[in-house]
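K.L.:
One structure is given below, represented as structure tokens, and several questions about it will come after.
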Amino acid sequence: MKLNLAPNINDPDGFYDELLGAHSGLSKDESDAFNARLILVLANHIGDRDILRAALEAAK
Amino acid sequence: MVDVRYDIAFKLYPYEKTAAIGAAPVRHPVVIIGGGPVGMAAALDLGRKGTPVLVLDDHEGVGQGSRAICFAKRTLEICDRLGAGQAMVDKGVVWNVGKVFRGDQKVFEFNLQPEDGHKAPAFINLQQPYFEKYLVDAIRKAQSDGCPIEIRGQNAVTGITVHDDHVGVDIDTPDGPYQLEADWLIACDGARSPTRDMLGLRFDGRVFEDNFLIADVKMTADFPTERWFWFEPPFKDSGASALLHKQPDDIWRIDFQLGWDIDRAKELKPENIRARVDAMLGEGADYTLEWTSIYTFQCRRMENFRHGRVLFAGDSAHQVSPFGARGANSGVQDADNLAWKLDLVVKGRAPESLLDSYSQERVHGADENILNSTRATDFLTPKSAISKVFRNAVLELAQKHAFARPLVNSGRLSVPCVYDGLSLNGPDDLNGPARSRVGASCADAPMADGFLLEQLGGDFTVLALNTAPPDVADVDGIAVRTIELDTARDDPSGAIAARYLGEEPHGIYLIRPDQHVVARWASADAADIKGAVRTATGRGQ
Ligand SMILES: Cc1cc2nc3c(=O)[nH]c(=O)nc-3n(C[C@H](O)[C@H](O)[C@H](O)COP(=O)(O)OP(=O)(O)OC[C@H]3O[C@@H](n4cnc5c(N)ncnc54)[C@H](O)[C@@H]3O)c2cc1C
């Protein structure tokens, strides 16, 4: 499997809304902590080290 | 004059004036500088193989204060081969359960759940002075059996002169100085190694800007025999992390991570230590302070562990943070790796270049230890704001979700390294389990009577499983023993087949004196065995 960098999210506007919504009312520190937890949850779901490495690269 | 740098817990090798003072320098085949755990293990191993060895230590026994408490299975197996393992296991505290807290919340609990069918437990806690004492007891026993080991207490090495064919050693004693010569010198003189300094060799690495306060306290408490580790402990002034762990004799190791900018003298005052311990154990806890210390640590190693006729082993060669218990444990593996090689070289059965493989293999081990120890330290002491954010995210998630628990790193406990792809390895021609691949240390397994590792002993060994072994008793003067097992008969628990054959019906292993796998085959003839023994003793094919 390769890292999928093509559009893959249904209803992109809806997702974006939910992402921002999850941060609403959080302080900067709380938002940073939330982001870190989210990254870890997603990374675990992916699991595959090659894909994770490619994602780290793609995010640069 | 010999400086006393520390107090003695057990006076095991009282000073005696040696006849060498005032006489012409005597040549010794092997001299070991430093009688800590690593020097003593090396002396015991060499002496039991019949190679004369002299240990010089600048004190008269084992230093007070525990330092190492946690000894791993591989170390206990090596010590068992050397005749000291049982005393350690008998005295030590076996533990399996660890709990990780953050503040007053339990993050999770783990159980090491050691695999069945090993003679040694996964870990024991034992004060380092006992560990060293049992090695010296085994040396005394070996001496009485005629093994050529000598220990000279209060003999401080003050100078080293390297020659082509030997090393000159200057020694100071209470009765004045003398000199001796060594064909081979093993420097086991600790992290501050005077030998390394005298040879002008570098010891590069990373210093961690943190101070840890240790208090070994004696109390009869009914805390369970578990490793308790706190991130951001809830007790007053206990620093960034804390540890509570049981040792024998009702001693508990308490460790507080205090940070970098501290006043050492102030923090070491008994009343200040007691205030912290009271806060942890609860007001009115009844205990005495047995040993206290503040330590900082480094992760560093020498570039090469062999410098001609001088070999470095243990902390003199590499230093790691204590998280993971990799210091003494890896040092004993250095001794285990070096002793058989040096023994063969001294006896003229292997080329001196075999000793280069000691450095190659143990540098590989040290790098693995330093990597693990550095990663643990980065988790314990996040080095940037964002690394702290991630660290705390892991701890929060670990309370709720199993997936995050393996990311929590309060020290990955010592396991032996595998010498993957290194120069002494022979062919891997058996489709067997990965754990027993070429370069790995052999896994123990129960036999009808006793355990497999007891059978392996400390020679080259052919282990033939469900197939007839080729007839090889000796390769160019190096003894090769053969163990032939029929797993239907000799493997009551099935562990030998599971650990060495996997799905394969039969196989042949060649095992080194330090119980690492040289080569394995589905079937092998005498030429295969001879070739692999030659490779494993530094003579190519
Ligand atoms: C707080 C703490 C906790 C630790 N916990 C663990 C643990 O749980 N598990 C683990 O495996 N490791 C642990 N370690 C590491 C462990 O203590 C060391 O790795 C181990 O002691 C190294 O053994 P060594 O024989 O190489 O050196 P040392 O034990 O330092 O011995 C060196 C010897 O050389 C002698 N010497 C020095 N200079 C001279 C000289 N000029 N002439 C003659 N003799 C000399 C010294 O007196 C000493 O006897 C811990 C360390 C610390 C600080």
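The values are calculated or read from the model by the stated rules, or taken from the named source; none is laboratory data. Predicted model, so just to flag it, every value in this text is computed and none were measured. Reconstructed Cβ throughout: ideal geometry from the backbone, glycine too, with neighbour counts over all protein chains shown. For accessibility, only protein heavy atoms count, side chains too; no ligands or nucleic acids. Shrake-Rupley method; radii C 1.70, N 1.55, O 1.52, S 1.80 Å.
K.L.:
Shape of chain A from its Cα gyration tensor (a ≥ b ≥ c, root eigenvalues): rounded if a/c is under 1.5, otherwise prolate when a/b > b/c, or oblate?
P.N.:
On the way: a/c = 2.48, a/b = 1.43, b/c = 1.73.
Oblate, because a/c is 1.5 or more while a/b does not exceed b/c.
K.L.:
So which GluC sites (Glu not before Pro) in the range B:255-358 are both in a DSSP loop and have at most 15 other Cβ atoms within 10 Å of their Cβ?
P.N.:
B:283, B:303, B:352
K.L.:
Please arrange B:307, B:28 by accessible surface area, largest first, computed with a 1.4 Å probe and ligands excluded. It would help to have the intermediate numbers written out before the result.
P.N.:
On the way: B:307 60, B:28 30 Å².
Per-residue accessible area, sorted high to low, gives B:307, B:28.
K.L.:
May I ask you to derive the relative contact order of chain B, considering only C-alpha pairs under 8 Å and at least 6 residues apart, and to give it as an integer percent?
P.N.:
On the way: 1214 pairs, mean separation 78.3, N = 541.
Over chain B, the number comes to 14 percent.
K.L.:
While we're looking at this one, here's another question. Restricting to DSSP loop positions (anything but H, G, I, E, B) with no more than 10 other Cβ atoms inside 10 Å of their own Cβ, which trypsin sites (Lys or Arg not before Pro) remain in the range B:197-230?
P.N.:
Working: sites: B:202, B:206, B:218, B:227; in loops: B:202.
Counting only loop positions with at most 10 other Cβ atoms within 10 Å, the trypsin sites (Lys or Arg not before Pro) in the range B:197-230 are B:202.
K.L.:
For chain B, report the accessible area per residue in Å² (1.4 Å probe, heavy atoms, rounded to an integer).
P.N.:
Details: 21080 Å² over 541 residues.
Here the per-residue accessible area is 39 Å².
K.L.:
Any idea what the alpha-carbon Rg over 2.2 N^0.38 Å comes to for the range B:204-299?
P.N.:
1.07
K.L.:
Around residue B:537, what is the net charge, scoring Lys/Arg as +1 and Asp/Glu as -1 over all other residues with Cβ under 13 Å from its Cβ?
P.N.:
Details: positive: B:341, B:347, B:349, B:512, B:530, B:534, B:539; negative: B:343, B:352, B:356, B:459, B:474, B:476, B:514.
Its environment carries a net charge of 0.
K.L.:
Return the inverse of the average 1/r over all pairs of distinct C-alpha atoms in the range B:428-536, which is the Kirkwood hydrodynamic radius, in Å to one decimal. Provide the component values of the computation, followed by the final result.
P.N.:
On the way: mean 1/r = 0.0740 Å⁻¹.
Kirkwood hydrodynamic radius for the range B:428-536: 13.5 Å.
K.L.:
What residues in the range B:388-414 lose 20 Å² or more of accessible surface when the other protein chains are added to their chain alone (1.4 Å probe)?
P.N.:
So the qualifying set is B:389, B:390, B:393, B:396, B:397, B:403.
K.L.:
Mind checking which lysines have their Cα closer than 27 Å to the Cα of residue A:60? Skip sequence neighbours fewer than 8 apart in that chain.
P.N.:
Once the sequence-local lysines are set aside, what remains near residue A:60 is A:2, A:28, B:383, B:388.
K.L.:
Continuing with the same structure: Note the direction-averaged projected area, equal to a quarter of the hull surface, for the Cα convex hull of the range B:119-263, in nm². Mind dumping the intermediate values first?
P.N.:
On the way: hull surface 59.7 nm².
Spelled out: convex hull of the Cα atoms, projected over all directions, averaged, 14.9 nm².
K.L.:
Using a probe radius of 1.4 Å on protein heavy atoms only, what is the accessible area buried between chains A and B, both sides summed, to the nearest 100 Å²? Could the numbers behind the result be given before it?
P.N.:
Working: alone 5360 and 21450 Å², together 26090 Å².
Interface between A and B: roughly 700 Å².
K.L.:
Apply 1/(1 + (r/R0)^6) to the Cβ-Cβ distance of residue A:29 and residue B:275, taking R0 = 35 Å, and write down the FRET efficiency to the nearest 0.05. Show your work: numbers first, answer last.
P.N.:
Values: r = 31 Å, r/R0 = 0.89.
For residue A:29 and residue B:275, the calculated efficiency is 0.65.
K.L.:
Can I ask one more? For the protein assembly as shown, what does the equivalent ellipsoid look like in terms of its semi-axes, each the square root of 5 times an eigenvalue of the Cα gyration tensor, given largest first in whole Å?
P.N.:
Working: eigenvalues 361, 232, 104 Å².
Three semi-axes, in Å: 42, 34, 23.
K.L.:
Compute, for chain B, the length of the dipole vector about the Cα centre, with Cβ point charges of +1 (Lys, Arg) and -1 (Asp, Glu) only. Units Debye, rounded to 20. Mind dumping the intermediate values first?
P.N.:
Values: 59 positive and 77 negative charges, 196 e Å.
It works out to roughly 940 debye.
K.L.:
Give a quick list of trypsin sites (Lys or Arg not before Pro) in the range B:300-406 that DSSP marks as loop, anything other than H, G, I, E or B, with at most 11 other Cβ atoms within 10 Å. Please report the intermediate quantities before stating the final value.
P.N.:
Working: sites: B:300, B:301, B:306, B:309, B:326, B:341, B:347, B:349, B:362, B:375, B:383, B:388, B:391, B:400; in loops: B:309, B:326, B:347, B:349, B:383.
Hits after loop and neighbour filter: B:383.
K.L.:
Expressed as a whole percent, how much of the Cα-Cα distance distribution for the range B:325-417 exceeds 22 Å? Don't skip to the answer; put the middle values down first.
P.N.:
Numbers: 2056 of 4278 pairs.
Every Cα pair in the range B:325-417 considered, those over 22 Å come to 48 percent.
K.L.:
Also, quick follow-up: Let me see the P(r) profile for the range B:144-210: every Cα-Cα distance counted, bins of 5 Å, each bin given as a percent of all pairs.
P.N.:
Using 5 Å bins, I get a P(r) of 4, 12, 20, 22, 17, 11, 8, 5, 2, 0 for the range B:144-210.
K.L.:
Would you be so kind as to list the residues of the range A:6-50 that have their accessible area lowered by at least 50 Å² in the full protein complex compared with their chain by itself (1.4 Å probe)?
P.N.:
Buried-area filter returns A:37, A:40.
K.L.:
Using a 1.4 angstrom probe on the protein heavy atoms only, could you order B:222, B:175 from most to least accessible area? Can you show the working numbers first?
P.N.:
Details: B:222 150, B:175 75 Å².
Largest accessible area first, the list is B:222, B:175.
K.L.:
Another question about this same structure. Within a Cβ distance under 13 Å of residue B:513, other residues only, what is the Lys/Arg minus Asp/Glu net charge?
P.N.:
+3
K.L.:
Okay, moving on. To the nearest 500 deg cm²/dmol, what mean residue ellipticity at 222 nm is calculated for the protein assembly as shown from DSSP H runs of n ≥ 4 alone, each contributing -39,500 (n - 2.57), summed and divided by the residues? Walk me through the intermediate numbers first.
P.N.:
Numbers: 17 runs with 196 residues, N = 601.
Calculated from helices alone, the mean residue ellipticity at 222 nm is -10000 deg cm²/dmol.
K.L.:
Residue farthest toward the positive end of the dipole of the range B:428-536, with Cβ of Lys/Arg at +1 and Asp/Glu at -1: which of B:434, B:460, B:508?
P.N.:
Of the listed residues, the answer is B:434.
K.L.:
Follow-up question, since we're still on this one. For the protein assembly as shown, which whole percent of the accessible surface, found with a 1.4 angstrom probe, sits on carbon and sulfur atoms? Display every interim value, and only then the final one.
P.N.:
Values: 12870 of 26090 Å².
Carbon-and-sulfur percentage of accessible area, whole number: 49.
K.L.:
Give me the accessible area of residue B:280, 1.4 Å probe, in Å² rounded to the nearest 10.
P.N.:
Counting only protein heavy atoms, residue B:280 exposes about 20 Å² to solvent.
K.L.:
Something else: Would you kindly compute the Cα radius of gyration of chain B and its largest Cα-Cα separation (Dmax), both in Å?
P.N.:
24.0, 72
K.L.:
Using just the alpha carbons, could you tell me how many Å³ per residue the convex hull of the range B:29-133 encloses?
P.N.:
Values: hull volume 12.9 nm³, N = 105.
Here the figure is 123 Å³ per residue.
K.L.:
Debye sum, Cα scatterers, the range B:247-376, no solvent: what log₁₀ I/I(0) at q = 0.10, 0.14, 0.22 1/Å?
P.N.:
-0.50, -0.76, -1.21
K.L.:
Still on this structure, please answer the following. Could you check the simple spin-label distance between residue B:4 and residue B:482, using points 7 Å along Cα→Cβ, in nm with one decimal?
P.N.:
Computed distance between label sites residue B:4 and residue B:482 equals 5.9 nm.
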